[in-house]
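Please read the structure below before turning to the comments.
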Amino acid sequence: MSEYLLYYSPDSANLVVRAALEVSAVPYATELVDRSIGQQRSPAYLKLNPQGLIPVLVHGEAVIFETAAILLYLVDRHPVLGPSMGASGRPDLYRWLFFLSNTLHADLRVMFYPRRYLSRDSAVPILRDGVRSRLLAHFALLDDHMAQHRSGCLLGCGFSVCDLYLAVCCRWAMAYPVGAGIAVEPLRALTHLWALLEHLERHPAMAAACRAEWIEPPFLTAPRSPKPPVGSVTG
């Protein structure tokens, strides 16, 4: 019997959650939210997440949305995903998890959906140029932080959901918008960050999560948009 139910859309933020569930080796089920037909705006889905955003994780009576909130919920239940409450690494978990969610991922959303923030299409290239520079600065900051503690992970205390989140954000930054993402070379120059991508690309849990969402290898170092037979990557 599945312990969790994950509502997902291919290569959306649910990819991070799915990878965390795979690392935890817990039984879970999935429910496709088909964005190609606007299913995320259906009355049934809006009861789960009134914003109509993906993912949602259901665990018994608990219904959790917002990627960072879901990940923190999983960390509290599965110690393999990060430092437990009261552990010395817990402040680092809070700090970097919410940096990834509120700063890095938030800027990626502007990159993907610029017309939600603009009234003129002609301003889209200018906005994307600015956001691209911000993203590269974020990645350089994270690489420098990893260099300081030499653990190979974002948290000095070892592997956590932050590593999964960062790796998937790197994937999205290079893959999207299709033809207009960040070039591979600037990220490859960030040696500690790139080493993490290469390591997680070989991790069985990340591979399982990517394949479940029709993402073909190389999953992280040469990412491409999937072509799912059901659902949609956009919508």
Notebook entry, point to check: Any idea which residue in region 56-87 is nearest to Leu164 (Cα to Cα), counting only those that are assigned to a loop (DSSP other than H, G, I, E, B) and touching a residue at least 40 places away in the same chain (Cβ under 8 Å)?
Noted result: Gly82
Check: Quick check: is even one residue across region 88-95 surrounded by 21 or more Cβ atoms within 10 Å (Cβ to Cβ) and aliphatic (A, V, I, L, M)?
Finding: yes
Margin query: Out of Ala189, Ala180, I need the residue that is at pLDDT below 95 and small (Gly, Ala, Ser). Which one?
Written below: Ala180
Next item on the list: Among the residues of region 8-38, write down those that are crowded, with 17+ Cβ neighbours inside 10 Å and either in the same structural domain as Met206 (by TED's automatic domain parsing) or among the small types (Gly, Ala, Ser) (or both).
Entry: Ser9, Ser12, Ala13, Ala19, Ala20, Ser24
Next item on the list: For Lys47, work out the one condition from (1) in a helix (DSSP H, G or I); (2) touching a residue at least 24 places away in the same chain (Cβ under 8 Å) it doesn't fulfil.
Entry: (2)
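Could you please let me know if Tyr73 is under 20 Å from Pro228 (Cβ atoms) and of a type in the set (Ser, Thr, Tyr)? Let's see the steps before the verdict.
On the way: under 20 Å from Pro228 (Cβ atoms): no; of a type in the set (Ser, Thr, Tyr): yes.
No.
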Next item on the list: Kindly establish whether Val56 is within 17 Å of the chain's Cα centre (by Cα), under 28 Å from Pro79 (Cβ atoms), hydrophobic (A, V, I, L, M, F, W, C) and surrounded by 13 or more Cβ atoms within 10 Å (Cβ to Cβ).
Entry: yes
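The values are calculated or read from the model by the stated rules, or taken from the named source; none is laboratory data. Here the structure is a predicted model, which is why all the values come from computation and not from measurement. Note that each Cβ is placed from the backbone with ideal geometry, even for glycine, and that neighbours are counted across all protein chains shown.
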